[in-house]
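Chemist: There's a structure below that I have some questions on.
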Amino acid sequence: MANLEKPKENIKRNANYMRDKDREMVKGIFRFYEVPGGYMSFVFKFYKGDQVERYDLWDGKMYTLPLGVARHLNKNGWYPVHEYIKDEDGKAQMKIGQKVRRFGFQSLEFVDVEDLAIDDKQIITVEHIENDKVLK
């Protein structure tokens, strides 16, 4: 019976750790890509027992927000644009063709390791070739 209680304690400790980490304040700039210069208001509650909090944010302004709210703004602020592809049998299948960002939080302090994963579609290569001048 003691073995069954230990995993529950570990889960509870991990949940408390994540709650404390998500409450750490971080500084950054709110970006409202959908309405540049606009204003967005929303309410947020992530953990059971937390109070519902209201956030009013202006595009381009600097804010100090809890890390959990900043992550929410970066991970959930998009909508899908669907496209159709044909499978081997010639049937049309729907898939997400692209994600259009509505808003985000540009951090001035933290980097989320999960946000560092870059799809090869996002990589852009820019080259500048200049003629070499030979001076004599």
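The values are calculated or read from the model by the stated rules, or taken from the named source; none is laboratory data. As the structure is a prediction and not an experimental result, all values here were calculated from the model. Backbone-built Cβ (ideal geometry, glycine too); neighbour counts: all protein chains shown.
Chemist: Can you name the strands (runs of 3 or more DSSP E) wholly within segment 41-95 that have at least 2 residues being surrounded by fewer than 13 Cβ atoms within 10 Å (Cβ to Cβ) and modelled with pLDDT of 90 or more?
Modeler: Counting at least 2 such residues, we get 53-58, 62-66.
Chemist: Please specify each residue of segment 19-36 satisfying the condition of being assigned to a loop (DSSP other than H, G, I, E, B) and within 18 Å of W78 (Cα to Cα).
Modeler: Scanning segment 19-36 gives F32, Y33, E34, V35, P36.
Chemist: Suppose we keep only residues that are at pLDDT 80 or above and among the charged types (D, E, K, R) within segment 1-32. Which one would you say is nearest to E109 (Cα to Cα)?
Modeler: Per the stated criteria, the residue is K27.
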